[in-house]
Structure formats: C-alpha cells, structure tokens
Amino acid sequence: MSPNETLFLESTNKIYKDDISNSSFVNFQIWDFPGQMDFFDPTFDYEMIFRGTGALIYVIDAQDDYMEALTRLHITVSKAYKVNPDMNFEVFIHKVDGLSDDHKIETQRDIHQRANDDLADAGLEKLHLSKEMDSYKPGIEKAFLFDVVSKIYIATDSSPVDMQSYELCCDMIDVVIDVSCIYGLKEDGSGSAYDKESMAIIKLNNTTVLYLKEVTKFLALVCILREESFERKDIHKFLGLIDYNFHCFRKAIHEVFEVGVTSHRSCGHQTSASSLKALTHNGTPRNAI
C-alpha cells in the first residue's frame with residue numbers, strides 16, 4: 001500500500017490481534033485498539049495489559065483536531081509508565097501525506113512540544129516519547145551530506161527539508177572550520193583545518209544537538225539530534241551505534257568514489273589508446289601538436 005492510500009483507511013472500530021511469528025527469533029503479538037475505547041474502564045485490567053507490553057504505539061491523525069488525542073495520550077502514557085517503566089513509547093503521526101511540507105514540520109513540532117510539556121507538568125521529564133512522521137527517526141531528526149566549500153547538500157534523508165535546519169547546519173560547518181583554522185593547525189601554520197579527524201558536537205539551548213563528522217576531504221555528514229538522546233543512561237552505547245553506522249556510511253561513500261575513479265581511468269586509457277592509433281597510419285607517425 002502506497003503512503004497516499006493510507007489517507008482513505010477507515011478508523012479501527014474493534015480490537016484486532018495479529019500474531020507475528022516469522023521465526024523462532026521473531027515472535028510477538030500486536031494488539032490494535034480503537035481510539036475511542038477507554039481501556040482504563042473498570043471492565044479492563046489495564047495493569048495486566050501494560051505489565052506484559054514491550055512497546056506502546058499511539059497513533060495521532062494529523063488531519064483532525066488532535067488536542068483531545070494529546071489529552072488521551074498523556075493519560076495513557078502516564079498510567080502505563082507507572083505500571084511498566086521499561087516500556088517503549090512511540091507516537092505515530094498519521095495521514096501527513098495530505099499536508100504541505102511546512103505543515104508537516106509544524107504539526108510534528110507542535111505535537112512534540114505539547115506532549116513533552118504535559119509530561120513535564122506531571123513530573124515525567126525522564127519519560128522518552130519517540131515521534132514518527134513519515135520517516136522521522138528516533139534519535140536523529142535530520143541528516144545532511146554537505147559539500148563543505150559550497151554548503152550545498154548533495155544528499156539527505158526522505159523527511160521534509162526545513163530551511164532553518166539547513167541554515168543551522170551550514171553555520172555549524174563555518175564554526176567548525178573557523179575554530180579549526182585557529183586551533184587545529186600546527187605552530188608553523190601547516191596542516192589542514194578540515195581532515196579525517198574533524199568531528200564536532202554542539203549543544204544548543206533549544207534541546208537540539210548538532211553532530212558533524214568528516215566523510216571525505218570535501219564532504220561532511222551533519223546531523224540534528226535531540227538533546228535527550230545524550231542524557232540516556234546508555235549514552236556510550238548510543239554514541240557507539242552512531243559511530244558504527246557512520247563508519248559503514250563513510251566506507252560506502254569511499255567505495256562509490258573508488259568506482260568512479262576506476263571508471264574514469266579505464267575511459268582515459270581507452271581514449272589514450274584511440275589517440276595513439278589515430279597518430280599512426282601504415283606504421284608512420286602523424287605530426288601532432
């Protein structure tokens with residue numbers, strides 16, 4: 001089913017249960033509850049439900065008035081967290097494909113801000129809500145592959161590009177280069193302000209973290225992350241996972257350039273051979289300038 005077809009899906013009107021048993025390693029159940037169902041009603045034993053739950057996914061319709069949905073989200077998450085603090089919480093923002101790119105970003109930020117404010121008021125600041133809109137990823141909000149000289153991004157993820165985020169990443173590249181020019185060069189002025197060791201993390205005052213790392217001598221990967229990702233208990237594992245994925249990405253980029261260089265050399269060799277043949281006729285070299 002294409003993303004646009006999800007706009008015409010009917011609302012869930014009863015409880016559905018799906019058993020996922022692809023192998024001995026993948027074996028779990030998905031319970032789909034209608035949005036209007038109140039499973040905190042005395043007829044439901046919500047403590048038993050949440051105690052054995054690994055993840056709670058709350059779906060919000062972006063094309064409806066989601067204020068009531070946010071209220072129910074706060075109640076649901078608060079009670080579920082008290083029963084099972086180890087549970088993962090995800091918020092899926094549904095039906096955003098019918099919105100403009102600017103409206104998508106505005107909706108995602110509004111839901112994110114309101115949900116976190118409600119949790120903070122309830123004293124649940126440590127509770128982490130991951131929000132998914134289209135391809136929004138938990139931890140990393142946005143990623144760009146930049147040409148460090150022109151500040152043109154040559155690749156990005158599939159989520160909408162926010163010009164403010166783009167300009168913020170451009171400014172980070174300038175800051176890193178400027179600081180490296182002052183403190184990164186040797187005493188005699190030799191060396192490079194941007195090399196394979198170039199890496200920076202900048203924490204802003206709006207719960208945003210900027211992450212930059214060198215990919216090649218011309219390219220840099222710049223990511224926008226959430227501050228709470230750096231406040232988790234397993235921060236070393238989180239950074240290790242980012243570094244591992246980055247090294248895989250860098251290796252793939254270098255392989256792409258190696259293929260390009262090899263192809264260029266092959267074409268150049270064929271051209272040189274053709275030119276050499278053109279300079280000779282019946283074994284006699286032609287005059288060439």
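Starting from segment 172-241, pick out the trypsin sites (Lys or Arg not before Pro) whose DSSP state is loop and whose Cβ has at most 13 other Cβ atoms within 10 Å.
On the way: sites: Lys186, Lys196, Lys203, Lys213, Lys217, Arg226, Arg232, Lys233, Lys237; in loops: Lys186, Lys196, Lys217, Arg232, Lys233.
Answer in residue order: Lys186, Lys196, Lys217, Arg232, Lys233.
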How far apart, in nm, are two points set 7 Å out from the Cα along the Cα-to-Cβ line at Phe92 and at Phe28?
1.3
FRET efficiency estimate (nearest 0.05) - Cβ-Cβ, Asp147 to Asp171, R0 22 angstrom
0.90
Virtual spin-label span in nm between Leu239 and Ala155, 7 Å along Cα→Cβ
2.6
Length gained when the stretch Tyr16-Ile49 is fully extended (0.36 nm per residue, less Cα-Cα span):
10.4 nm
Amide H contacts under 5 Å for Val215, placed H, 5+ residues apart:
Ala220, Leu221
Stretch Lys79-Ile202 to full length: gain in nm at 0.36 nm per residue minus the Cα-Cα span?
40.8 nm
Distance in nm between pseudo-label sites at Val179 and Glu231 (7 Å out along the Cβ direction from Cα):
2.2
Return the subset of Lys142/Lys203; Lys196/Lys251; Lys17/Lys82 for which the Cα-Cα distance in this structure is over 21 Å, preserving the input order.
Lys17/Lys82
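Each reported figure results from applying straightforward, stated rules to the coordinates on display, with no laboratory input. In this text the structure is predicted, and so the values were computed from the model without any measurement. Neighbour counts are summed over all protein chains in view; Cβ atoms, including those assigned to glycine, are modelled from backbone coordinates with ideal geometry.
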